[in-house]
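Written below as structure tokens is the structure these notes are about.
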Number of protein chains: 2
Amino acid sequence: MKTAAILGAGYMASAMTFPLAANGITPRLWGTWLDDELIASSRTGEHPRLKKPLPESTVLFDSSDLGTAVEGAECIFIGVSSEGFVPVFSRLLEVLTDAVPIFALTKGFSVLDGRVMRTSEAGRELFGRRFGAEALVWTSIGGPVKAYELAREIPSPAIFGTQSDEAARTALSLQTDYYRVRTTGDVAGVELSSALKNIYAMAIGMCDGLYGERMARNYHNFNSLLFNQAILEMAMIVEAESGDAATVHDLAGIGDLYVTAQSGKNQHFGRLVGTGLAPEEAYRKMESEDLLAEGFLALKAGTTWLAENHPGLIERLPLFATLKDICLDGAPVEESLREMVRTSL
Amino acid sequence: MKTAAILGAGYMASAMTFPLAANGITPRLWGTWLDDELIASSRTGEHPRLKKPLPESTVLFDSSDLGTAVEGAECIFIGVSSEGFVPVFSRLLEVLTDAVPIFALTKGFSVLDGRVMRTSEAGRELFGRRFGAEALVWTSIGGPVKAYELAREIPSPAIFGTQSDEAARTALSLQTDYYRVRTTGDVAGVELSSALKNIYAMAIGMCDGLYGERMARNYHNFNSLLFNQAILEMAMIVEAESGDAATVHDLAGIGDLYVTAQSGKNQHFGRLVGTGLAPEEAYRKMESEDLLAEGFLALKAGTTWLAENHPGLIERLPLFATLKDICLDGAPVEESLREMVRTSL
């Protein structure tokens, strides 16, 4: 592979330029209509979020240049937010002339034609309308890879979920000393784990907010209970969708939840709620600081998705149900989480 | 049950008095010959480690009063260190008149007659010499329960591994609103997870030490890789010993490794090594501060135990082997851990 296009110029999309460039692949980074400033800054200096210049071989494209960005690219990475996926992927399909493999960094659920669905399903539906669904070569990327760290050569393991042997080979060719790639055929497991971990990390954050100061950081039994419960529930959801629990018990689940629980926007959102902010208020406060609490959106979408696709399952997921009660229905944080303990085990 | 004896007066043994007392069971807390000061202080005020008074119904026994402490007790909890297990259990058997159920809070490997073995096996051997091995009702206790937090009613989930239905019922009767108990028949899984997590938590600590300051806490991808690798390897070891990987994928493994990675003595030991102290030096420094780095001892014992019981397995456990190289054979920390990344995935 010589050229790959990357759609989106936020954290993760931009960080992918590093392993690509390190492997001699020219990264073409296209920014959405929300990213023009990120692209402009990256042309002359640092990427404003990654706080360092992108690799020299990176070619930057403004939002108006999508056609040029993807022309002749041998594969396309999509790294926009879950809300951005359908509009960006739709626009991509308008300009794409050949059916090239798609690698999705986007995590979460998407809404297409008013229906909440897994992003890979929305992608398949849209792609099918243009090239026929069987022409789609799709890979969902998961694992504990924070962009800022990847850009600094901190060892970072990714898991690529794909049914395509060719895409799996491409995935493995992206490795460097610090960017490690494993592959699995369990697309549902990778994709759902990536979305769900943002939801469950909010619970860890709430616990941090509730007890971090009050208990001088002596509340890790509770956090461990929540972490463990999250993994148990994620495995149940993945299995209900015919995925493999082993995917949850590895990088896509355990690994990615670990990194997300230690830091990041969803843990931060949870912490705000744990310290007393109403969830909607916490979401808006973060939004005003240009921080997207994806877990809050994923919880809303995931609640709808679970109810429609796996009726009765939420009732068997006490932590998911508790997060829904707290974030969507105004239930009190500490009482609800402690009550969950009694039903979880 | 009305009366339970607890052997050891350190953190975990002493904290068990809280759920026992809350359930109307009189806790008889016996301190070893190293614990006389802990017992003396607890008589008149706070327990020096838990920093709060023990429940009122607790009856305290000096090291010279072991016979009185266990006389008529309906079960016995052992909460001494892994090094203390064989001497304390041997002394117990000298004064014990009836074969009562044993609940082991002790985590790690024990040395009996010059052989490294699982603590439950050492217990069975010693018990067998006195009452016959078939008279032993043994339970290994695991899960993310830090004593200081349990004593403060932070929700804490424990997992009791036992083959005895009666012991499982006793275990469940110890629950409170904040102390949650689940049971499993997989004694090996619980016991090995409890020991191994102390070893693997050292790796997380090393990463904290290496990158915490230098990378301003932006190194969580690496920590997540190590956490995930630890769980994969713990499952391999447990399965080699005919235990169940599901035990590792739950409170005994994921839950307990999580709490141990966030805080505690083994993470602290790893951090010292990560910041440049030689492992033996870090061990002695902590010892001089009355802190026992159990993971360092468990690594030594575990290396011997694995080599003798599962020859060839260490070679398939890259993180375990790397910790052995660093802690026992003087290998450089950062290079070894980063090299492990290349073989782990």
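The values are calculated or read from the model by the stated rules, or taken from the named source; none is laboratory data. Not measured: the values here are computed from a predicted model. Every residue, glycine as well, gets a Cβ built from its backbone with ideal geometry; the counts of neighbours run over all protein chains shown. Quick note on the areas: whole protein, heavy atoms, side chains included, nothing else; ligands and nucleic acids left out. Shrake-Rupley method; radii C 1.70, N 1.55, O 1.52, S 1.80 Å.
In plain terms, if you count all Cα to Cα distances in region B:12-54 and split them into 10 Å steps from zero, the share in each step is 29, 59, 12 percent.
The dipole here belongs to chain A: it is taken about the Cα centre, uses +1 on the Cβ of Lys and Arg and -1 on the Cβ of Asp and Glu, and is about 560 debye. Around the Cα centre of region B:247-323, unit charges on the Cβ atoms of Lys, Arg, Asp and Glu (plus for the first two, minus for the last two) sum to a dipole of about 160 debye.
Residues in region B:217-314 average 33 Å² of solvent-accessible surface per residue, probe 1.4 Å, ligands and nucleic acids excluded. Label-point spacing for A:Ala216 across the identical copies (point 7 Å from Cα in the Cβ direction), in nm and ascending order: 3.0. Here A:Arg91 sits with roughly 100 square angstrom of accessible surface, probe radius 1.4 Å. Among beta bridges from DSSP that stay inside region B:1-159, the antiparallel ones total about 25%. Positive-end ranking of A:His220, A:Pro311, A:Leu272 along the dipole of chain A, with charges on Cβ about the Cα centre, is headed by A:His220.
Distance from the B-onto-A rotation axis is smallest for the Cβ of the chain B residue given, in whole Å, as B:His249, 2. Volume per residue of the convex hull around the Cα atoms, evaluated for chain B, comes out as 128 Å³. Close amide H partners of B:Asp250, meaning residues 5 or more places away or on another chain with modelled amide H under 5 Å apart, are B:Gly255.
The mean number of Cβ atoms from other chains found within 10 Å of a Cβ in peptide A:251-257 is 6, as a whole number. Thinking of region A:96-220 as a set of Cα atoms, what percent of all their pairs are more than 27 Å apart? That tail contains 32 percent of the Cα-Cα pairs. Helices in chain B, meaning DSSP H runs of at least 4 residues, each add -39500 (n - 2.57). Divided by all residues, the mean residue ellipticity at 222 nm is -15500 deg cm²/dmol. Applying the criteria of a DSSP loop state and at most 14 other Cβ atoms within 10 Å to the chymotrypsin sites (Phe, Trp or Tyr not before Pro) of region A:106-160 yields no site. Taking only protein heavy atoms and a 1.4 Å probe, the accessible area of region A:53-150 is 48% carbon and sulfur. A:Thr97 exposes around 100 Å² of accessible area when a 1.4 Å probe is run over every protein chain in place. For region B:136-145, 3J(HN,Hα) computed residue by residue from phi via the Karplus equation (6.51, -1.76, 1.60; θ = phi - 60°) reads 7, 10, 10, 9, 9, 9, x, x, x, 10 Hz, glycine and proline entered as x. Take every pair of alpha-carbon atoms less than 8 Å apart whose residues are at least six positions apart; their mean separation over the length of region B:41-189 yields a relative contact order of 16 percent. Between A:Ser173 and B:Glu289, take the C-beta separation as r, use R0 = 41 Å, and let me know the FRET efficiency to the nearest 0.05. With R0 = 41 Å, the Cβ-Cβ based efficiency is 0.25. By accessible area, using a 1.4 Å probe on protein heavy atoms only, region B:182-238 has 51% of its surface on carbon and sulfur. The value of relative contact order for chain B, using C-alpha pairs under 8 Å at least six residues apart, is 13 percent. Which FRET efficiency, nearest 0.05, do B:Asp113 and A:Ser57 yield, Cβ-Cβ r, R0 60 Å? Calculated transfer efficiency: 0.40.
Looking at this model, which pairs from B:Lys2/B:Lys146; A:Lys197/B:Lys52; A:Lys2/A:Lys197; A:Lys51/A:Lys107; A:Lys107/B:Lys146 are more than 31 angstrom apart at the alpha-carbon? Check vs 31 Å cut-off fails for A:Lys197/B:Lys52; A:Lys2/A:Lys197; A:Lys107/B:Lys146. If one takes the accessible area of chain A alone plus chain B alone and subtracts that of the pair, with a 1.4 Å probe, what total in Å², rounded to the nearest 100, results? By this definition, chains A and B bury close to 4100 Å². Overall form of region B:1-93: oblate. Here a/c, set by the Cα gyration tensor axes a ≥ b ≥ c, is 1.5 or more, and a/b is not larger than b/c.
Sorted shortest first, the distances from the A:Thr304 label point to those of the same residue in the other copies are 6.2 nm; each point sits 7 Å from Cα along Cα-to-Cβ. Ellipsoid fit via the Cα gyration tensor, the protein assembly as shown: semi-axes of 49, 26, 22 Å, each the root of five times an eigenvalue, largest first. Where a ≥ b ≥ c are the square roots of the eigenvalues of the C-alpha gyration tensor, would you call region B:217-345 rounded, which needs a/c under 1.5, or, failing that, prolate if a/b is larger than b/c, or oblate? Rounded, since a/c falls under 1.5. Axis angle, to the nearest 10 degrees, between helix A:294-309 and the longest C-alpha principal axis of chain A: 80 degrees. Among rounded, prolate and oblate, which fits region B:152-221 when a ≥ b ≥ c are the square roots of the eigenvalues of its C-alpha gyration tensor, a/c under 1.5 means rounded, and a/b larger than b/c means prolate? Cα axes put region B:152-221 in the oblate bin. Excluding ligands, DNA and RNA, the accessible surface per residue across region B:108-166 is 37 Å² with a 1.4 Å probe.
Put a dot 7 Å past the Cα of A:Thr3, heading toward its Cβ, do the same for A:Arg43, and the two dots end up 1.9 nm apart. Highest mean first, the peptides B:61-73, A:22-34 sorted by other C-beta atoms within 10 Å per residue fall in the order A:22-34, B:61-73.
With both labels modelled 7 Å from their Cα along Cα-to-Cβ, the B:Glu281 to B:Leu93 distance reads 4.2 nm. GNM on chain B, alpha-carbon springs under 10 angstrom: the most fluctuating residue among B:Glu334, B:Glu166, B:Glu83 is B:Glu166.
Each label was represented as a point 7 Å from its Cα along the Cα-to-Cβ direction; for B:Asp329 and B:Asn309 these points are 2.2 nm apart.
Distances between copies at A:Gly276, taken between label points 7 Å from Cα along the C-beta direction, are 4.3 nm in increasing order.
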